Amino acid sequence: MTALGLLHPGHSAEEDYPRIEQLLGSDIRIDLVRTDVGEDARRVDALREMGSPERLAEGVQELRHAGAEAVVWACASGGFVHGWEGAQEQVRALAQAAGMPASSTSFAFVHAVRELGVHRVAVGATYPEDVASLFAGFLRAAGVDVVAVKSSGVVTAAEAGTWGEPELLALARAADHPDAQALLLPDNALHTAAHVTALEKELGKPVLTANQVTVWEALRLADRRVNAPELGALFTREPIVQV
């Protein structure tokens with residue numbers, strides 16, 4: 001049994017994780033610990049506070065007791081708003097507090113892009129424009145070529161959590177770019193686990209979503225690789241890459 005630990009702010013889209021766990025197989029367990037959201041606002045100051053060391057440290061004891069082998073901060077915006085260096089420090093502090101390998105959804109996107117072997121991506125962000133731009137800057141700091149960014153201006157996780165497949169498909173179509181080899185949807189509050197394959201079929205290219213890459217990152221830290229085509233190209237043995 002491989003136990004994966006996730007720190008997740010609040011309840012938005014938490015239903016994605018049992019679905020992903022079921023698709024991964026019976027020997028993988030996802031332990032989800034909810035952290036204090038504070039103010040549900042897509043403002044930089046609120047997002048930085050949401051991912052503060054104190055808030056994250058509160059949940060790690062429960063994950064240790066559950067036997068988690070790795071921990072991932074399951075909040076993209078609560079990571080990349082700190083910038084590249086700040087997000088690295090956040091993860092280092094989390095690993096020290098947890099006593100196990102640690103990462104965040106922000107770095108999961110970077111590692112997943114590299115896993116797929118793509119270099120040019122488009123971003124479909126629910127966030128306000130300034131926050132979406134920070135995610136693009138984070139990716140560029142990692143050497144990823146961001147060819148397009150679409151912002152939807154959603155100001156709370158609660159609102160993003162109400163989106164279904166029609167809204168996801170509309171965002172994906174609007175955000176996609178002919179030069180992009182993959183599309184990234186960076187919001188853990190979106191319910192995406194049931195829709196990744198539909199999104200990839202619609203666009204004809206890999207689609208990376210926040211909850212999907214978060215679990216993949218935890219598996220990577222635990223040195224596990226799982227073939228689960230229902231979770232998209234990232235979880236297949238031979239990633240789809242457009243050149």
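The values are calculated or read from the model by the stated rules, or taken from the named source; none is laboratory data. The structure displayed is predicted, hence computed values, not measured ones. Counting neighbours? That spans all protein chains shown, and the Cβs are built from the backbone with ideal geometry, glycine included.
In segment 4-27, which residues are over 17 Å from the mean Cα position of the chain (by Cα) and either surrounded by fewer than 16 Cβ atoms within 10 Å (Cβ to Cβ) or at pLDDT 95 or above (or both)?
If the condition is that a residue be over 17 Å from the mean Cα position of the chain (by Cα) and either surrounded by fewer than 16 Cβ atoms within 10 Å (Cβ to Cβ) or at pLDDT 95 or above (or both), then Gln22, Gly25, Ser26, Asp27 are the ones that fit.
How about segment 205-227: which of its residues are surrounded by 19 or more Cβ atoms within 10 Å (Cβ to Cβ), of a type outside the set (Val, Ile, Thr) and over 19 Å from Val118 (Cβ atoms)?
Within segment 205-227, the subset surrounded by 19 or more Cβ atoms within 10 Å (Cβ to Cβ) is 205-221.
Keeping just the survivors that are of a type outside the set (Val, Ile, Thr) gives 205-206, 208, 210-212, 216-221.
Once the filter is applied, which keeps residues that are surrounded by 19 or more Cβ atoms within 10 Å (Cβ to Cβ), of a type outside the set (Val, Ile, Thr) and over 19 Å from Val118 (Cβ atoms), segment 205-227 yields Asn211, Ala218, Leu219, Leu221.
Any idea which of (1) surrounded by fewer than 23 Cβ atoms within 10 Å (Cβ to Cβ); (2) more than 16 Å from the chain's Cα centre (by Cα); (3) under 18 Å from Leu6 (Cβ atoms) is the one Leu32 doesn't satisfy?
All conditions pass for Leu32, except number (2).
Quick one: which of Ala180, Ala222 is touching a residue at least 60 places away in the same chain (Cβ under 8 Å), of a type in the set (Gly, Ala, Ser) and over 22 Å from Cys75 (Cα atoms)?
On the way: Ala222 fails: over 22 Å from Cys75 (Cα atoms).
Being touching a residue at least 60 places away in the same chain (Cβ under 8 Å), of a type in the set (Gly, Ala, Ser) and over 22 Å from Cys75 (Cα atoms) holds for just one of Ala180, Ala222, which is Ala180.
Let me spell it out: the conditions are (1) closer than 30 Å to Gln61 by Cα; (2) modelled with pLDDT of 95 or more; (3) in contact with a helix residue (DSSP H, G or I) (Cβ under 8 Å, 6 or more places away or on another chain); (4) of a type outside the set (A, V, I, L, M, F, W, C), and Arg92 meets all of them except one. Which number is the exception?
(3)
How many residues are touching a residue at least 24 places away in the same chain (Cβ under 8 Å) and part of a loop (DSSP other than H, G, I, E, B) if we restrict to segment 32-42?
Step one: of segment 32-42, the residues touching a residue at least 24 places away in the same chain (Cβ under 8 Å) are 32-37, 40-42.
After this cut, where a residue has to be part of a loop (DSSP other than H, G, I, E, B) as well, the list is 36-37, 40-42.
Final tally of qualifying residues: 5.
For residues that are surrounded by 16 or more Cβ atoms within 10 Å (Cβ to Cβ) and touching a helix residue (DSSP H, G or I) at 6+ places or on another chain (Cβ under 8 Å), tally how many sit in segment 133-162.
12
Six or more apart or on different chains, Cβ under 6 Å: which pairs go from a residue in segment 131-147 that's in contact (Cβ under 8 Å) with a residue 24 or more places away in the chain to one that's of a type in the set (Asp, Glu)? Could you list them?
Val147/Asp179
Pull up segment 173-201, narrow it to residues that are surrounded by fewer than 24 Cβ atoms within 10 Å (Cβ to Cβ) and small (Gly, Ala, Ser), then point me to the one that is farthest from Ala233 (Cα to Cα).
Step by step, filter segment 173-201, then rank; the result is Ala174.
Within segment 46-78, which residues are touching a Gly at 6+ places or on another chain (Cβ under 6 Å) and either of a type in the set (D, E, K, R) or in a helix (DSSP H, G or I) (or both)?
Leu47, Glu49, Met50, Leu63, Gly78
Which residue pairs have Cβ atoms under 8 Å apart, sit 6 or more places apart or on different chains, and have a first residue in segment 188-208 that is closer than 27 Å to Gly78 by Cβ and a second that is part of a loop (DSSP other than H, G, I, E, B) and of a type in the set (Ser, Thr, Tyr)?
Asn188/Ser12; Ala189/Ser12; Ala189/Thr126; Leu190/Thr126; Leu199/Thr192
Could you pull out the residue among Arg48, Arg64, Arg19, Arg29 that is basic (Lys, Arg), touching a residue at least 24 places away in the same chain (Cβ under 8 Å), more than 17 Å from Thr126 (Cβ to Cβ) and in contact with a strand residue (DSSP E or B) (Cβ under 6 Å, 6 or more places away or on another chain)? Steps first, answer last, please.
On the way: Arg48 fails: in contact with a strand residue (DSSP E or B) (Cβ under 6 Å, 6 or more places away or on another chain); Arg64 fails: in contact with a strand residue (DSSP E or B) (Cβ under 6 Å, 6 or more places away or on another chain); Arg19 fails: in contact with a strand residue (DSSP E or B) (Cβ under 6 Å, 6 or more places away or on another chain).
Criteria check complete, one pass: Arg29.
Restricting to segment 84-104, what's the tally of residues that are assigned to a helix (DSSP H, G or I), crowded, with 17+ Cβ neighbours inside 10 Å and not hydrophobic (A, V, I, L, M, F, W, C)?
The number of residues fulfilling the criteria is 1.
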